[in-house]
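K.L.:
One structure follows; several queries about it will come next.
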Amino acid sequence: MTPPQKPDLIVIGAGPAGLAAASQAAGHGAKVMLLDEQSAPGGQIYRNILSASAQQDTILGSDYTAGRPLAADIDTKSIDCRPNATVWKVGTDGAVTFNQNGVAQQVYGSHILLATGALERPIPLPGWTLPGVMTAGAAQILLKTSGLVARDAVLAGSGPLLYLIAAQMIAAGRPPKAMIETQTSGQFYGAMSHIGGAFPCWKQLLKGLKLIAKIRKAGVARYKGASNIEILGIKRAEAISFTVKGRTHRIDTDTVLLHQGVVPNTQITRSLGLKHRWDEKQRCFHPITDAFGQSSSKNISIAGDGAGILGAKVAEYSGRIAASNALALLDIITSTTRDKETRALRRSRRKEAAIRPFLDALYAPPPEILRPKGKTIVCRCEEVTADDIRSYVALGCKGPNQTKAFGRSGMGPCQGRYCGATVTEILAEETGIHPEQIGSYRIRAPLKPVTLGELASLAAVSEKEITS
Amino acid sequence: MFDPIVPNTDPNAQVHFTFDGESIYTAPNTSVAAALLAAGHTWFRQMPVSGRQRGPFCMMGTCFDCLVEIDGITVQACVTTVTEGLNVTRVPQMHLQEGKFK
Ligand code: FES
């Protein structure tokens with residue numbers, strides 16, 4: 001048996017950044033392998049894009065359908081596409097280990113391009129673990145994949161996605177019962193100081209205003225400057241309560257959709273020990289990359305929201321730029337070609353990203369959600385509360401990793417994905433040490449649970465390699 | 001609760017499975033989590049220590065609150081596609097306590 005050829009580039013994630021990167025590299029004749037957890041390309045933003053119905057297209061709108069050419073143009077003959085592939089280990093030596101259809105495999109790539117995108121920022125508030133409470137992104141995934149829409153749901157939090165999903169729910173004939181928004185008028189005036197910088201993105205700004213007009217026209221109740229948000233219920237969500245201008249409100253609902261923006265998915269970059277930086281505005285860590293998306297390790301690049309939240313359009317440009325740079329590093333193209341073909345892309349990216357300072361200021365998450373207090377659950381998997389984490393500091397706990405020993409926070413199956421940022425923030429607040437110095441959980445493989453059967457299949461493959 | 005934007009009434013375009021013995025029909029290529037939510041189920045698992053109930057939170061394979069059991073293995077309902085005749089159950093709590101977690 002001839003061993004399979006080693007790919008020049010392994011792209012992990014088939015969202016906008018990964019798809020663009022794979023196309024760019026394959027266009028230069030490079031051997032590309034594209035791995036993704038889903039059964040079809042698109043990532044979360046363009047989820048199910050190749051199979052969505054005309055009706056879904058109408059409801060989801062042009063920002064969704066814009067992703068179709070990207071997914072449709074993937075040349076499955078020249079790119080080794082691996083759907084349903086869950087990557088659970090990546091090494092700095094270029095080894096990528098993944099499960100596909102119950103079998104574990106390991107492949108070496110000369111260069112690895114991580115395009116693992118974002119996940120919802122943790123939204124730790126009282127009652128957020130009750131059944132019936134989901135992320136706004138989850139509701140959108142149900143709409144994209146299964147044509148399901150939430151009925152009489154309450155949206156709570158802040159960020160552009162909150163308006164987008166409200167507009168989509170209206171288009172689907174199920175307007176939200178209410179929108180509870182955390183941004184304050186102070187935040188609005190603060191953000192206005194960035195409006196000049198956002199001018200190149202006037203089309204995006206206009207789109208946002210149109211969404212808000214649509215929500216107003218549908219008569220959806222909006223509560224702005226909300227605080228003390230709490231989801232009430234014993235066995236499941238029954239109501240949501242909150243305070244606006246000193247007055248407490250209560251709305252009955254069995255479905256609450258939460259959103260406070262998204263943060264980079266850093267599981268792989270952390271497990272690789274790459275350098276990360278704390279982003280003061282976006283309140284999260286992101287891996288450090290240069291203008292071409294190269295990480296602190298020479299053979300590893302990062303593109304898209306996984307490198308810092310800039311949205312789908314920027315992800316596409318960054319994917320192409322990072323792929324081009326990777327090929328230059330591998331001597332498949334010259335650095336002159338790289339510079340030439342990425343010049344316009346870098347300009348477009350800069351223009352597209354100009355809106356971010358405005359959005360970051362306008363929709364900054366409130367302190368009570370970044371650094372919760374009391375009995376609010378922080379670590380969903382192990383049911384560790386904010387008070388618990390704070391008490392560990394009094395007992396001498398110095399960093400996120402030590403909280404694991406004190407009370408198992410971050411040790412459940414989600415591996416800290418939905419508590420890591422919160423634990424860093426709380427420890428920083430309690431100790432007075434900057435989040436950058438506090439750091440984050442140490443992440444180790446397997447990044448997703450692996451069965452013994454899958455491990456055995458990997459062992460069988462390596463045995464064959466040794467004996468053949 | 002969740003409603004379909006287009007009710008799936010075509011009997012030929014339906015897949016059948018069971019959840020704790022209950023018969024459920026769904027469209028092809030639906031995740032177990034979406035099918036259960038559409039059938040009105042809100043909680044999927046119980047926390048091993050507190051016994052509190054949980055339902056899907058992220059729908060993208062990252063939170064693990066949608067765990068169910070299929071063929072004796074604990075899987076994430078949101079990343080598992082329904083196939084004809086699938087036998088899905090809630091994870092018996094003892095399994096989690098005995099550390100048989102996938
Ligand atoms: S709902 Fe989060 S992992 Fe399935």
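The values are calculated or read from the model by the stated rules, or taken from the named source; none is laboratory data. Just so it is clear, the structure is predicted and the values come from calculations on it, not from any experiment. Note: ideal-geometry Cβ built from the backbone for every residue, glycine included; neighbour counts use all protein chains shown. Note: accessible area is taken over every heavy atom of the protein model, side chains too, but ligands, DNA and RNA are not part of it. Shrake-Rupley method; radii C 1.70, N 1.55, O 1.52, S 1.80 Å.
K.L.:
Does the range A:303-324 include one or more residues that are over 23 Å from the mean Cα position of the chain (by Cα) and either crowded, with 22+ Cβ neighbours inside 10 Å or within 30 Å of A:Gly225 (Cβ to Cβ) (or both)? Steps first, please.
P.N.:
Taking the range A:303-324 and keeping what is over 23 Å from the mean Cα position of the chain (by Cα), we get A:324.
This time we only want the ones that are either crowded, with 22+ Cβ neighbours inside 10 Å or within 30 Å of A:Gly225 (Cβ to Cβ) (or both), so: A:324.
Yes: one or more hits.
K.L.:
Where residues in the range A:20-38 are in contact with a strand residue (DSSP E or B) (Cβ under 7 Å, 6 or more places away or on another chain) and either among the hydroxyl-bearing types (Ser, Thr, Tyr) or free of Cβ contacts under 8 Å to residues at least 60 places away in the same chain (or both), which of them is farthest from A:Ala104 (Cα to Cα)? Steps first, please.
P.N.:
So the first thing to find is which residues in the range A:20-38 are in contact with a strand residue (DSSP E or B) (Cβ under 7 Å, 6 or more places away or on another chain), and the list is A:21-22, A:25-26, A:30, A:32-37.
Add one more test, that the residue is either among the hydroxyl-bearing types (Ser, Thr, Tyr) or free of Cβ contacts under 8 Å to residues at least 60 places away in the same chain (or both), and what stays is A:26, A:32, A:34, A:36-37.
Numbers: A:Ala26: 25, A:Val32: 19, A:Leu34: 16, A:Asp36: 14, A:Glu37: 13 Å.
Restricting to residues being in contact with a strand residue (DSSP E or B) (Cβ under 7 Å, 6 or more places away or on another chain) and either among the hydroxyl-bearing types (Ser, Thr, Tyr) or free of Cβ contacts under 8 Å to residues at least 60 places away in the same chain (or both), the top hit is A:Ala26.
K.L.:
Among the candidates A:Lys281, A:Lys275, A:Lys298, which residue alone is open to solvent by 20 Å² or more (accessible area, probe 1.4 Å) and in contact with a Ser or Thr (Cβ under 6 Å, 6 or more places away or on another chain)? Reasoning before the result, please.
P.N.:
Working: A:Lys281 fails: in contact with a Ser or Thr (Cβ under 6 Å, 6 or more places away or on another chain); A:Lys298 fails: in contact with a Ser or Thr (Cβ under 6 Å, 6 or more places away or on another chain).
Unique residue meeting the criteria: A:Lys275.
K.L.:
A:Asp36 fails exactly one of the following numbered conditions: (1) farther than 14 Å from A:Val96 by Cβ; (2) within 13 Å of chain B (Cβ to nearest Cβ). What is the number of that condition?
P.N.:
(1)
K.L.:
In addition: For the range A:215-234: of the residues being out of contact with any strand residue (DSSP E or B) (no Cβ under 6 Å at 6 or more places or on another chain) and surrounded by fewer than 16 Cβ atoms within 10 Å (Cβ to Cβ), which is nearest to A:Arg174 (Cα to Cα)?
P.N.:
A:Ala218
K.L.:
Looking at the range A:28-70, which of its residues are among the hydroxyl-bearing types (Ser, Thr, Tyr) and open to solvent by less than 30 Å² (accessible area, probe 1.4 Å)?
P.N.:
Of all residues in the range A:28-70, those among the hydroxyl-bearing types (Ser, Thr, Tyr) come to A:39, A:46, A:51, A:53, A:58, A:62, A:64-65.
The answer is A:Tyr46, A:Tyr64.
K.L.:
So, one more: Residues in the range A:406-422: is at least one farther than 26 Å from A:Glu280 by Cβ and in contact with a Gly (Cβ under 6 Å, 6 or more places away or on another chain)?
P.N.:
First, pick out the residues of the range A:406-422 that are farther than 26 Å from A:Glu280 by Cβ: A:406-408, A:411-413.
The next check asks that each one be in contact with a Gly (Cβ under 6 Å, 6 or more places away or on another chain); those that pass are none.
Among the residues of the range A:406-422, not one is farther than 26 Å from A:Glu280 by Cβ and in contact with a Gly (Cβ under 6 Å, 6 or more places away or on another chain), which makes the answer no.
K.L.:
Go through the residues of the range A:346-363 one by one and say whether even a single one is within 23 Å of the chain's Cα centre (by Cα) and within 30 Å of A:Ala95 (Cα to Cα). Talk me through it step by step, then tell me what you get.
P.N.:
Initially, the range A:346-363 is screened for residues within 23 Å of the chain's Cα centre (by Cα), giving A:346, A:348-363.
Checking the rest, the ones that are also within 30 Å of A:Ala95 (Cα to Cα) come to A:346.
Within the range A:346-363, one or more residues are within 23 Å of the chain's Cα centre (by Cα) and within 30 Å of A:Ala95 (Cα to Cα).
K.L.:
Can you run down the residue pairs with Cβ atoms below 8 Å, 6 or more apart or on separate chains, where the first is in the range A:58-77 and under 16 Å from A:Gly13 (Cα atoms) and touching a residue at least 24 places away in the same chain (Cβ under 8 Å) and the partner is among the acidic types (Asp, Glu) and open to solvent by 20 Å² or more (accessible area, probe 1.4 Å)?
P.N.:
As it stands, the answer is A:Leu70/A:Glu316, since those pairs meet every condition given.
Here's the yes/no breakdown for (1) touching a residue at least 60 places away in the same chain (Cβ under 8 Å); (2) under 13 Å from the mean Cα position of the chain (by Cα); (3) closer than 21 Å to A:Gly416 by Cα:
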| residue | (1), (2), (3) |
| --- | --- |
| B:Ala27 | no, no, no |
| B:Ala38 | no, yes, no |
| B:Met47 | no, no, yes |
| B:Arg54 | no, yes, yes |
| B:Cys66 | no, yes, yes |
| B:Glu84 | yes, no, no |
| B:Arg90 | yes, yes, no |
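K.L.:
Here's a follow-up. Does A:Thr116 satisfy being polar (S, T, N, Q) and open to solvent by 30 Å² or more (accessible area, probe 1.4 Å)?
P.N.:
Values: polar (S, T, N, Q): yes; open to solvent by 30 Å² or more (accessible area, probe 1.4 Å): yes.
So A:Thr116 fits the description; yes.
K.L.:
Taking strands (runs of 3 or more DSSP E) that do not extend beyond the range B:1-93, which have at least 2 residues that are away from the ligand (no atom under 16 Å from the Cβ)? Reasoning before the result, please.
P.N.:
Numbers: elements: B:2-4, B:15-19, B:22-26, B:67-70, B:73-76, B:86-89.
Strands (runs of 3 or more DSSP E) meeting the threshold: B:2-4, B:15-19, B:22-26, B:86-89.
K.L.:
Answer yes or no: is there a residue in the range A:121-136 that is within 21 Å of A:Gln282 (Cβ to Cβ) and facing chain B (nearest Cβ under 7 Å).
P.N.:
If we filter the range A:121-136 for residues that are within 21 Å of A:Gln282 (Cβ to Cβ), which is where we start, we get A:121-125, A:128, A:135-136.
If we keep only those that are facing chain B (nearest Cβ under 7 Å) too, we end up with A:135.
Yes: one or more hits.
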